[in-house]
Number of protein chains: 4
Amino acid sequence: MSATRYTYLGPEGTFTEAALRTLPEAATRELIPMVSVPAALDAVRNGDAAAALVPIENSVEGGVTATLDELASGEPLMIYREVLLPIAFALLARPGTALADVKTVTGHPVAQPQVRNWLRNRLPDALWESAASNADGARLVQEGRYDAAFAGEFAAATYGLEPLVTDIHDAENAETRFVLVGRPARPASPTGADKTSVVIWLGDDHPGALLELLQEFAVRGVNLMLIQSRPTGAGIGNYCFAVDAEGHITDRRVGEALMGLKRICPKVRFLGSYPRAGVSAADTGKLRAGTSDAEFIEAADWLARSQDGRT
Amino acid sequence: MSATRYTYLGPEGTFTEAALRTLPEAATRELIPMVSVPAALDAVRNGDAAAALVPIENSVEGGVTATLDELASGEPLMIYREVLLPIAFALLARPGTALADVKTVTGHPVAQPQVRNWLRNRLPDALWESAASNADGARLVQEGRYDAAFAGEFAAATYGLEPLVTDIHDAENAETRFVLVGRPARPASPTGADKTSVVIWLGDDHPGALLELLQEFAVRGVNLMLIQSRPTGAGIGNYCFAVDAEGHITDRRVGEALMGLKRICPKVRFLGSYPRAGVSAADTGKLRAGTSDAEFIEAADWLARSQDGRT
Amino acid sequence: MSATRYTYLGPEGTFTEAALRTLPEAATRELIPMVSVPAALDAVRNGDAAAALVPIENSVEGGVTATLDELASGEPLMIYREVLLPIAFALLARPGTALADVKTVTGHPVAQPQVRNWLRNRLPDALWESAASNADGARLVQEGRYDAAFAGEFAAATYGLEPLVTDIHDAENAETRFVLVGRPARPASPTGADKTSVVIWLGDDHPGALLELLQEFAVRGVNLMLIQSRPTGAGIGNYCFAVDAEGHITDRRVGEALMGLKRICPKVRFLGSYPRAGVSAADTGKLRAGTSDAEFIEAADWLARSQDGRT
Amino acid sequence: MSATRYTYLGPEGTFTEAALRTLPEAATRELIPMVSVPAALDAVRNGDAAAALVPIENSVEGGVTATLDELASGEPLMIYREVLLPIAFALLARPGTALADVKTVTGHPVAQPQVRNWLRNRLPDALWESAASNADGARLVQEGRYDAAFAGEFAAATYGLEPLVTDIHDAENAETRFVLVGRPARPASPTGADKTSVVIWLGDDHPGALLELLQEFAVRGVNLMLIQSRPTGAGIGNYCFAVDAEGHITDRRVGEALMGLKRICPKVRFLGSYPRAGVSAADTGKLRAGTSDAEFIEAADWLARSQDGRT
């Protein structure tokens, strides 16, 4: 039954699967690998799955464009959870392979920039070819098509490979953010450490449009955690922006900022309000003065009294 | 009975009286001149009068500080109407006086800058001394204390004087704005060409405070028509701002801007929403896109749907 | 000879004279009281005096409009010094007068709001009439025209009066700021605690004009200490702004902000850069990061290198 | 000799080669395909090539991250030219293949989102696997590893394939922007229709940092044409921004904005000023009032006079 089924960006043995298994509920769900982000999300749209886990942001590569673009277009979906996973690659090879033997390497295109410097230094002559996924790269090594694959160390056993080198990551603190995506429904209640995701289309491309967008947030004291431009498909220079803002859509300051955007932008798509991974309410910064719900309510009372002549 | 009594900045024969008589209702009220703006307004505060007409802005002198300061402090009052009156002075003297005989002139201190250049050119040696009002200056001329007084030509007869020169005004388009002030009550309904007056105190005097104040209006597309700094009395450099904004407090964009100010400023005093003098709804500029009531309501609906998961 | 002559807003016995005498150089100058601010400044313009001391800002009344308007128009003048003087009034009367006998009071119009509450409480029935100056008010009391005058206690002896009450000031910290004005010349070198005064005309009165003006300062980290709107004389709603900014015109951040204003505003008048009264370089706040002269120079070097392809 | 050698993102038969061949000078250069963007650029850094042509922005995929990241880090390079190329794919297969026979397709990962919808509609069951380049995909089809490849129609002959379908592109106006990159040198003189590219690192990640960055441009009237966030590699949420601004680094408004950024941001990398492809000086929008070089010079003159006291 679809309510017990979660899809994820497969195949088995990817970081996405590892991220999915960190969710407690994963133990009681049927986890189904899909060949692509669109496939994983379409299963949710079609009702074949209750939710999908897909990567959305990577500390090396930035926004995962397939995910951002899928969430921005097509039937609306909503984010309910995020998962942060530290990313370190192992270089997997068939048993008996020495590092010096490696002439061809493979891996997911997103992995490449994360191991680019390592490759330059350690295997400067190795030829990189992209695979559909890190796990798929491991399979191609198993089949003998490449000498070695970058993948999670946990994928070695599945494909009968051995890690030649482990803990490879060009950047310190390499991590990937994944989101659990479902069909639209009322977001979970605020926890005090929440995040709200939206996609915002700018209008007539007038010069100050992005500045105005940011001011809608700034004037209400809403901090932004991510702003990622994405082409709209309408030609070079036409962009929409994927934005993650601190706070929950039911926080007054967030709601008022979103309404402001809705009024001045041709299109705003709400992608969900959900708890921030690894952050508790106690860790969040102090709100700017004048932006708490209590202050919004007090100001609304004052306005009502003023409109009534009771000053 | 107080409901039929209007006070005004007297004495009889001032421009304020002339402005008051342009209101149709003046014909059915008892009009009582008062010695000062505070006296005229205190009569309203005490219930001795239903309303007071006082000058508030002058195209030469700027804000009338006595009025601004009285409205900003003490028991709250509210503005219900504004009147615009073109200002031109006559130089009034006792019959038989020639211009060359005039060695001393008088008038209200506010009149002085409006005739300063005229005096410099035509009576460079005449000594100016201020009178409590233009009309009072005329009286002092009648008593022989000064040779001539600047006042409205209409004051000549009352004091047995003759106009030596008429239509004196240094600036083109000289006019004064008067307001009809009463005790706080629900403002009249919007006419489509309204103005909202507030006094706003800035907080801890941090450098960007005024910029933030203006942005609360700008981000909601509310135009300002007047911004006048007034000292708070707490020492040099401490200011509050009297602001006139286009629109009515029941316009959503105005209400949201006022609530924003209420949240970030230590004090906001609402002084009323009232029709703009000499401007009809047809004359007002087009609203900035995204700031009409209809667009506010549409955005609020969208937010409610989003909070519910009905995207 | 004019180089040794300073004019001031007279007559003798005013606060302005007291302020002027706080300047060390006053001891070696001929100090000449003038009947009005325009007269004091015209003497400088005409070469009859080297400088004039006039009041410019008052912690109760705000900007002194006669001074602001004179500096904003006519032949250019420049401010070279500022003086701060605490203001407290004495109520002066002829010897033998009791407080209960006082039915009429006088004083400079600017004094009135500073003693308004005191009058309301202690002499609620006394009639106020304005005099040309506080000292002139004292003279009129001497002549018997009024019962008492508000003036500086130091004026009592000059006019044969006695102080009935002293230390009268509605507001705590009441003080007046005076400026020493001369013909334009190169400003004194920066002291590290300087102030720059300008008058800025806004353009076509488009809604965001004041916001843009403030942003020219804000983006360069220049703090404003005063912003005072003044009517331009072109009709209700047309304003220019007298602005005092922290810093000296030779500070790069101030110079760049002024050039920005010069480009976007129809008219900017530079009124001088001069040391702040009562503030030493050690007392001034920290500059915002990126706004010191050293950082401006470093950035200019970087730009020159970049334009040259030496990155 | 390296001065006659241009590298490009190969292999032969890619869109990049097609773009490079639109440059007149390409006819007299030795054109060398490289396996990756880093390889093409390293050849320039090493002196093995005078310049490299690489894709930088794609109307479907957005910024080409490998190029942006390579330009942002490592030895400085500079952009001297841009080329716009309309992008349409052909589906290439071995002779005799029918569309219905196609079970596996390949192509560059960047091609995938540009044909995603076409695939969904026309070949919903085909399995996509990424190739190192579009041309490489064609080679893999030639070798029989996949049934069909998305590539430029011009690549068919090289690999002995036939186009099954041509002119495939999900989005209207699909085009790619390429840049010609060389070692740093003085940029070409302004043409009146220029573009300036920079990478800007934000500081301590305080909430308003991006807003401040945009205001440095806005206050000088410099329009932005592209703003693309890129992770700095310092962990999720740490971004730098690749920005394309209208104008040339020798335009005063652009230079002043860049200096402003240099002062407030920890790092700014200038990537070049170069002519805009497909736009002549006659096509560019009107400058905002107050931002022309003439107005900058006039304001600088005014400042110098003011600093000298010659107002």
Every listed condition ((1) more than 7 Å from every other protein chain (Cβ to nearest Cβ); (2) not in a loop (DSSP other than H, G, I, E, B)) holds for B:Met225 save (1)
Which of (1) surrounded by fewer than 20 Cβ atoms within 10 Å (Cβ to Cβ); (2) touching a Leu at 6+ places or on another chain (Cβ under 9 Å) is the odd one out, the single condition A:Arg177 does not satisfy? (1)
Condition set part of a helix (DSSP H, G or I) and acidic (Asp, Glu), scope the range A:130-171, selection surrounded by the fewest Cβ atoms within 10 Å (Cβ to Cβ): answer is A:Glu153
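Residue-wise test of (1) crowded, with 22+ Cβ neighbours inside 10 Å; (2) closer than 20 Å to B:Ile56 by Cβ; (3) outside the structural domain of B:Leu180 (by TED's automatic domain parsing); (4) at pLDDT 90 or above.
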{"site": "B:Ala245", "(1), (2), (3), (4)": "yes, yes, yes, yes"}
{"site": "B:Arg263", "(1), (2), (3), (4)": "yes, no, yes, yes"}
{"site": "B:Ser273", "(1), (2), (3), (4)": "yes, yes, yes, yes"}
{"site": "B:Gly278", "(1), (2), (3), (4)": "no, yes, yes, no"}
{"site": "B:Asp283", "(1), (2), (3), (4)": "no, no, yes, no"}
The range A:228-254, subset aliphatic (A, V, I, L, M) and at the interface with another protein chain (Cβ under 9 Å from one of its Cβ atoms), residue farthest from D:Gln228 (Cα to Cα): A:Ile249
Restricting to the range D:45-67, and then to whatever is surrounded by 24 or more Cβ atoms within 10 Å (Cβ to Cβ) and among the hydrophobic types (A, V, I, L, M, F, W, C), can you tell me which residue is nearest to the other protein chains (Cβ to nearest Cβ)? D:Val60
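Residues checked against (1) more than 21 Å from D:Asp136 (Cα to Cα); (2) in contact with a strand residue (DSSP E or B) (Cβ under 8 Å, 6 or more places away or on another chain); (3) not hydroxyl-bearing (Ser, Thr, Tyr):
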| position | (1), (2), (3) |
| --- | --- |
| A:Val83 | yes, yes, yes |
| A:Phe89 | yes, yes, yes |
| A:Gly96 | yes, no, yes |
| A:Leu99 | yes, yes, yes |
| A:Thr106 | no, yes, no |
| A:Gln112 | no, yes, yes |
| A:Leu123 | yes, yes, yes |
Just a yes or no: is a residue in the range C:90-108 in a helix (DSSP H, G or I), within 11 Å of chain B (Cβ to nearest Cβ) and either farther than 30 Å from C:Leu161 by Cα or touching a Leu at 6+ places or on another chain (Cβ under 9 Å) (or both)? no
Out of B:Glu212, B:Glu256, report the one residue that is assigned to a helix (DSSP H, G or I) and either at pLDDT below 95 or within 24 Å of B:Ile56 (Cβ to Cβ) (or both). B:Glu212
Within the range B:58-68, identify whether any single residue is more than 21 Å from B:Ala131 (Cα to Cα) and of a type in the set (Gly, Ala, Ser), and answer yes or no. no
On the given criteria, is B:Gly47 modelled with pLDDT under 90, on the phi > 0 side of the Ramachandran plot and not basic (Lys, Arg)? no
Please work out which residue is farthest from the chain's Cα centre (by Cα), limiting yourself to the range D:297-309 and to residues that are at the interface with chain C (Cβ under 7 Å from one of its Cβ atoms) and not polar (S, T, N, Q). D:Gly309
For the range A:285-299, which positions are crowded, with 16+ Cβ neighbours inside 10 Å and not β-branched (Val, Ile, Thr)? A:Leu287, A:Arg288, A:Gly290, A:Ser292, A:Glu295, A:Phe296, A:Ala299
Would you say D:Tyr80 is modelled with pLDDT of 90 or more and assigned to a loop (DSSP other than H, G, I, E, B)? no
Residue check, B:Phe241 against (1) at positive phi; (2) at pLDDT 85 or above, all met but one. Which one? (1)
Can you tell me which residue in the range D:51-65 is nearest to D:Ser36 (Cα to Cα), limited to those that are of a type outside the set (S, T, N, Q) and over 10 Å from the mean Cα position of the chain (by Cα)? D:Ala52
Identify the single condition in (1) within 10 Å of chain B (Cβ to nearest Cβ); (2) not hydrophobic (A, V, I, L, M, F, W, C); (3) not in a strand (DSSP E or B) that C:Thr191 does not satisfy, given that it satisfies every other one. (1)
Could you tell me which of the residues A:Val44, A:Val54 is outside the structural domain of A:Ala131 (by TED's automatic domain parsing) and assigned to a helix (DSSP H, G or I)? A:Val44
Is there a residue being at the interface with chain C (Cβ under 10 Å from one of its Cβ atoms) and of a type outside the set (Gly, Ala, Ser) anywhere in the range D:274-281? no
Output yes when any residue across the range B:100-107 is at negative phi and free of Cβ contacts under 8 Å to residues at least 12 places away in the same chain, and no when none is. yes
Does A:Arg220 qualify as being in a loop (DSSP other than H, G, I, E, B), more than 9 Å from chain D (Cβ to nearest Cβ), free of Cβ contacts under 8 Å to residues at least 40 places away in the same chain and more than 24 Å from A:Leu99 (Cα to Cα)? no
Which residue is modelled with the lowest pLDDT, if the candidates are limited to the range A:84-95 and must be surrounded by fewer than 21 Cβ atoms within 10 Å (Cβ to Cβ) and touching a helix residue (DSSP H, G or I) at 6+ places or on another chain (Cβ under 7 Å)? A:Leu85
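The values are calculated or read from the model by the stated rules, or taken from the named source; none is laboratory data. The model shown is predicted, which means the values in this text are computed figures rather than measured ones. Ideal geometry is used to build each Cβ from the backbone, glycine not excepted, and the neighbour counts take in all protein chains shown.
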